[in-house]
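To keep things clear, I will list the structure first and then write my remarks on it.
The values are calculated or read from the model by the stated rules, or taken from the named source; none is laboratory data. Bear in mind the structure is a predicted one, so any value in this text is a computation, not a measurement. Every residue, glycine among them, receives a Cβ derived from its backbone with ideal geometry; neighbour counts consider all protein chains shown. Surface areas here come from the heavy atoms of the whole protein model, side chains and all, with no ligands, DNA or RNA. Shrake-Rupley method; radii C 1.70, N 1.55, O 1.52, S 1.80 Å.
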Amino acid sequence: MARWWNRSGIGGRTRKAVRRTAVALDGRAPLFDGLRGLLRKIFPDHWSFLLGELALYSFVVLLLTGVFLTMYFQPSMAETVYNGPYAPLRGVLVSEAYSSTLAISFEVRGGLLIRQIHHWAALVFTSAIGVHLLRIFFTGAFRRPREVNWLVGLTLFQLSLLEGFAGYSLPDDLLSGTGLRTAQGFILSVPLVGTWLSYLLFGGDFPGQILIPRLYTTHILLLPGALAGLITLHLLLVFALGHTQWAGPGRNNRNVVGKPLYPLFLLKTNGLLAMVFGVLALVSAIGQINPVWRYGPYRPDQASTDAQPDWYMGFIEGALRLMPGAETRLWGHSIPWNPLIPAVLFPLGFFAALYAYPFLERWVTGDLGPQHLCDRPRNQPTRTGIGVAGFSFYVILLLAGAQDVIARTFAVSVEGLDRVLRALVFVVPVVAFWVTKRVCLGLQQVDRERLAEGEESGFIRASVEGGFHESSHSLTDRRRFTLAARTVPRPLPRPVAGASRLARLRAALSSWYYRDRVDFPEPREDTVPSERP
């Protein structure tokens, strides 16, 4: 640094002034010591660790485009006659929210492009968080000491769902109004307090006059502030706890092997930022999304045909369509089990299970030590099976959310399709769990054979006796170590006589979780060259 400073051609007085300024700033706010440590921060070099950054940069795009849109959007339910350039709606009575959305799309220069970038970025943001959470789950990156970060990530995902729904509802078009009407049905299904909650949110009868202004405030202030705060907390925890990394030579629970923040990782992440901006702009320029002028303004006595929510709300829609209609009368009150179970109790139970999973797995395994190495999904067949079963359950519900469109496309009965989907929603997750676990154990056996016999070369040799033998070549020491390095706890010992029911339950769960395994020879790290950060 000193050599560059002396060769830079900067005058002596200028160098002295800059040095004095830097010393004065550092004496009052020790920025340079912290900056030096930050620039030397090591980041693992693997594509799967960029999913979180993809979500972060999509959030940046959302903030920038959202600021532009707030300058032109009018969050008002006051009625006005539309006289804009879109001829099919001229003379129609619409709300100012809907009219301003049309004005952004057809009258503001670049407004339609910015609207579509904002909508596509919202989908990418939610998708990136979801895929990032799947990566964390399947690799076991939620284990100690990162349980709090797992909770933060789940909360981020839920807030992103609410943020997307709030923004989706702001234009006051027929499609979003249908979604709001459905949401009101969810609220009304809550026993005892549902009517009061609906009155509180809508300010009276649906749709009311204050819902859009409230959603607007929530969408541009409350939820973005909460998301920004949780993202900051997530990044601080990542820096404080360190990164997880894939197992390999020289990698353990006490170090991180990768590239420093400056300059290598900074160049790569800036390239990803540019790609996110470019791809979103390209997709928004050629791919139409949410054409509210085709749906028309919302009317309480009308419903949009083929109304489908965005993918992140599709599983609730599917659960609603598969749940049979049932109602119970108790003490003068009605309990409508549809939508109470699929739209209220099911999401609450689902996310409660996700929140509790890291602590449940730690309780089952009894492993209280810190874990900084990622698991290969095949080495944790039960956890991987649970994840695939949950994902298959979500896919069936997503298909059920479009059962009317599927039935019409393939000319089948909606009732018959519902019966098939109701059976699949219970059968497919069980089959997916069993198949996934068998596949993971098979892949473990393949890895064991590769360690014992080497890599298949693809050549078959014929012997003079007429036999055929497959040739193979041995693995490198580095590859052998990577395949053999894994942490698979053994089942807890059987409880002693007289043990509590909780202890017996824990031992039974541990046996179910870890009894199916393929034992590997232990890797010897001293036989391979170590990687250095």
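General remarks:
- Those residues of the range 164-208 which are assigned to a loop (DSSP other than H, G, I, E, B), open to solvent by 20 Å² or more (accessible area, probe 1.4 Å) and of a type in the set (S, T, N, Q), in sequence order: none
- Residue that is nearest to Ala97 (Cα to Cα) [pool: residues in the range 280-302 that are open to solvent by 80 Å² or more (accessible area, probe 1.4 Å) and outside any loop (DSSP other than H, G, I, E, B)]: Arg294
- Test: Pro381 is in contact (Cβ under 8 Å) with a residue 60 or more places away in the chain and open to solvent by 20 Å² or more (accessible area, probe 1.4 Å): no
- Restricting the range 209-246 to residues that are among the small types (Gly, Ala, Ser) and in a helix (DSSP H, G or I) leaves a set whose member that is farthest from Leu161 (Cα to Cα) is Ala240.
Residue-wise test of (1) free of Cβ contacts under 8 Å to residues at least 24 places away in the same chain; (2) open to solvent by less than 50 Å² (accessible area, probe 1.4 Å); (3) more than 29 Å from Gln209 (Cα to Cα); (4) basic (Lys, Arg).
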| position | (1), (2), (3), (4) |
| --- | --- |
| Glu79 | yes, no, no, no |
| Gly84 | yes, yes, no, no |
| Glu107 | yes, no, no, no |
| Ile117 | no, yes, no, no |
| Trp120 | no, no, no, no |
| Gly140 | no, yes, yes, no |
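- If you go through the range 159-202 and pick out every residue that is on the phi > 0 side of the Ramachandran plot and either touching a Lys or Arg at 6+ places or on another chain (Cβ under 8 Å) or among the hydrophobic types (A, V, I, L, M, F, W, C) (or both), you end up with 1.
- Residue list for the range 58-75, filter: open to solvent by 30 Å² or more (accessible area, probe 1.4 Å) and touching a residue at least 40 places away in the same chain (Cβ under 8 Å): Val60, Leu63, Phe68, Thr70, Pro75
- Of all residues in the range 431-458, those that are within 25 Å of Arg478 (Cβ to Cβ) and among the acidic types (Asp, Glu) have Cβ atoms under 8 Å from Cβ atoms of residues that are assigned to a helix (DSSP H, G or I) and open to solvent by 40 Å² or more (accessible area, probe 1.4 Å), 6 or more apart or on another chain, in Asp447/Arg378.
- Within the range 303-334, the set of residues being surrounded by fewer than 13 Cβ atoms within 10 Å (Cβ to Cβ) and polar (S, T, N, Q) comprises Thr305, Thr328, Ser334.
- Condition check for Phe277: open to solvent by 40 Å² or more (accessible area, probe 1.4 Å), under 20 Å from His118 (Cβ atoms) and assigned to a helix (DSSP H, G or I): yes
- Candidate set: the range 437-486, residues that are surrounded by fewer than 15 Cβ atoms within 10 Å (Cβ to Cβ), more than 13 Å from Phe520 (Cβ to Cβ) and modelled with pLDDT of 85 or more; chosen: the one nearest to the chain's Cα centre (by Cα): Arg438
- Selection from the range 45-57 of residues that are open to solvent by less than 50 Å² (accessible area, probe 1.4 Å) and of a type in the set (Phe, Trp, Tyr): Phe49, Tyr57
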